[in-house]
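Encoded as structure tokens, the structure appears first; notes follow it.
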Amino acid sequence: MQTDNKVVVGLSIDTLLEERWQKDRDLFKAAVEKLGARIEVQAANGDDALQLAQAENLISRGVDVLVVVPHNAEVSAAIVEKAHKSGIKVISYDRLIVNSDVDLYISFDNEKAGELQAKAIVKKAPKGNYVLIEGADTDNNAHMFKKGQMNILKPLVEKGDITIVYDQATKEWKPANALANMEQALIANQNRVDAVVAANDATAGGVIQALTAQKMAGRIPVSGQDAELAAAQRIVEGTQTMTVYKPIKKLAETAAELAVKMAKGENVHADKKVNNKKIDVPSILLEPIAVDQSNMDATIISDGFHLREDVYKNVNQGQIAK
């Protein structure tokens, strides 16, 4: 595989069906190539068996380092094991591979992301009935987001200010499943819902669809995460309260730099450790940023993550908050 003596980085990515992961792939690929290395990318689109087979394929083709965005945090431990048998180090990208001897974890502070979500919603609805629409049970990040949310919500629940009337994971992170869950939450509570903590923008989209059908969209605060274009549009339109913006360019570039270093056998410094149920994994955790109408222009737009005209395209010029 290395006929040109270039370092080869393998990227095994859960899915390219979401805008977020297409951006990561493109940014990571550009960063790896800028460092003079080559990259091989395989996307499993949510299929565990396929992700394992693709990772094995990358290993057998002799990549120098393997970067994995796991679909299933537990199942992907087998990828780490197989890579290590071939002397290949593994970086867990954005999502942590659990119960494994993974070499490095690079992500955002996901517990903090959950705290930012809950804080923003509590500010809008300090009391009342809360619905939690969480992420996929198979994704370790979803558990971290919830942990962060509960750091903020639990004291308010104990105080009696907030009642969590519905709490459900979203299978596969799919908006259709989030929609069904939110519809159930509304039926079970006769629409008496005051706030929704949704784990990401895809689930928030499903939630807002359910609220729109009941003419409740824009009146109920809803959180999100990932700064997807549709979510940024909903925020400026007033149906979604906030998103958690993760400057993924920094994530992709840092991961690329460390992957190439590891491939060359150089030492990599990680300032934190995160336990993955087996070991304390050397970790680099970047800071997430809460974004709402007030700082949309100063964050997402000024970073060039989305174009201003795209974010505000459904809003009348007179309504745009400068």
Quick check, is Lys146 farther than 26 Å from Glu253 by Cα and touching a residue at least 60 places away in the same chain (Cβ under 8 Å)? no
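For the stretch 182-221, enumerate the residues that are touching an Asp or Glu at 6+ places or on another chain (Cβ under 6 Å) and under 26 Å from Lys112 (Cβ atoms).
Step one: filter the stretch 182-221 for residues touching an Asp or Glu at 6+ places or on another chain (Cβ under 6 Å), giving 199-201, 210.
Matches in the stretch 182-221: Ala199, Asn200, Asp201.
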Taking Glu40, is it of a type in the set (Asp, Glu) and more than 22 Å from Phe305 (Cα to Cα)? yes
Please determine whether any residue of the stretch 63-77 is over 30 Å from Gly160 (Cβ atoms), outside any loop (DSSP other than H, G, I, E, B), touching a Gly at 6+ places or on another chain (Cβ under 6 Å) and not β-branched (Val, Ile, Thr). yes
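How many residues, within the stretch 230-258, are of a type in the set (A, V, I, L, M) and open to solvent by 30 Å² or more (accessible area, probe 1.4 Å)?
We begin by selecting, within the stretch 230-258, every residue of a type in the set (A, V, I, L, M); these are 230-232, 235-236, 242, 244, 248, 251-252, 255-256, 258.
Restricting the remaining residues to those that are open to solvent by 30 Å² or more (accessible area, probe 1.4 Å) gives 230.
Residues that pass the stated criteria total 1.
Could you tell me which of the residues Thr170, Thr203, Thr138, Thr212 is loosely packed, with under 15 Cβ neighbours inside 10 Å and of a type in the set (Ser, Thr, Tyr)? Quick ask: steps written out before the conclusion?
Details: Thr170 fails: loosely packed, with under 15 Cβ neighbours inside 10 Å; Thr203 fails: loosely packed, with under 15 Cβ neighbours inside 10 Å; Thr138 fails: loosely packed, with under 15 Cβ neighbours inside 10 Å.
That would be Thr212, the only listed residue that is loosely packed, with under 15 Cβ neighbours inside 10 Å and of a type in the set (Ser, Thr, Tyr).
Yes or no, residue by residue, for (1) open to solvent by less than 60 Å² (accessible area, probe 1.4 Å); (2) not acidic (Asp, Glu):
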site	(1), (2)
Val9	yes, yes
Thr15	yes, yes
Glu18	yes, no
Lys23	yes, yes
Ile39	yes, yes
Asn45	no, yes
Gln51	yes, yes
Asp64	yes, no
Return only the number of the condition from (1) open to solvent by 80 Å² or more (accessible area, probe 1.4 Å); (2) at pLDDT below 95 that Ala321 does not satisfy. (1)
Looking at the stretch 9-46 only, could you name the residues that are touching a residue at least 40 places away in the same chain (Cβ under 8 Å) and touching a Gly at 6+ places or on another chain (Cβ under 7 Å)? Asp14, Thr15
Considering only residues that are open to solvent by less than 90 Å² (accessible area, probe 1.4 Å) and free of Cβ contacts under 8 Å to residues at least 12 places away in the same chain, which ones fall in the stretch 267-295? Asp280, Asn295
From the residues in the stretch 173-200 that are aliphatic (A, V, I, L, M) and farther than 19 Å from Ala120 by Cβ, which one is most open to solvent (accessible area, probe 1.4 Å)? Ile187
Among all residue pairs at least 6 apart or on different chains, which show Cβ distances below 6 Å where the first residue, located in the stretch 190-216, is farther than 21 Å from His143 by Cβ and basic (Lys, Arg) and the second is modelled with pLDDT of 95 or more and open to solvent by 10 Å² or more (accessible area, probe 1.4 Å)? Arg192/Asn129
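The values are calculated or read from the model by the stated rules, or taken from the named source; none is laboratory data. In this text the structure is predicted, and so the values were computed from the model without any measurement. Quick reminder, even Gly has a Cβ in these numbers, built from the backbone with ideal geometry, and neighbours come from all protein chains shown. Just the protein is used for accessible areas: all its heavy atoms, side chains included, with ligands, DNA and RNA removed. Shrake-Rupley method; radii C 1.70, N 1.55, O 1.52, S 1.80 Å.
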